[in-house]
Amino acid sequence: MGKISSGHDIAKIRGLVEMEHPNKLIDSFTGTLEIYHTTGGWHVKEVVEPTSILLRGCVIRNTDWVVGMVVNTG
C-alpha cells in the first residue's frame, strides 16, 4: 500500500467492505476490505479478522494517529 501522510491522501482513498450480517458472536468476524487510491495507482484487498476490530468502549493508546471506520452500529 502507498504512504498516507496527509488529509489529501485520505480524501483520495476509495473502498468497499464486505462482511457477515450482524450477529451476537462478539469474538467472531468475517469480512474483507478492498481499498484503492484514485491517483496513486495502488490497490489492496485484505481479510478483516477479529484481531482488527475494536469493540465499543475500547481505548487506543500510544498511537500518533489511526484511520478507521464504523462497520456495524447494531
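Coordinate-derived values only; no laboratory data. Keep in mind the model is a prediction, meaning the values are calculated, not measured. Because the Cβ atoms are built from the backbone with ideal geometry, glycine has one as well, and the counts that use them run over all protein chains shown.
Here are some notes:
- For chymotrypsin sites (Phe, Trp or Tyr not before Pro), the sites in the chain that DSSP calls loop and that have at most 14 other Cβ atoms within 10 Å are TRP42, TRP65.
- When +1 charges are put on Lys and Arg Cβ atoms and -1 charges on Asp and Glu Cβ atoms, the dipole computed for the chain relative to its Cα centre reaches about 200 debye.
- With at most 10 other Cβ atoms within 10 Å, longest stretch of the chain clear of loop trypsin sites (Lys or Arg not before Pro) (DSSP): 25-55
- Once the chain from ASN72 to SER6 is taken as fully extended at 0.36 nm per residue, the excess over their C-alpha distance is 21.1 nm.
- Stokes-Einstein D (µm²/s) once Rh is taken as the Kirkwood radius of the chain over alpha-carbon pairs, at 4 °C in 1.567 mPa s: 91
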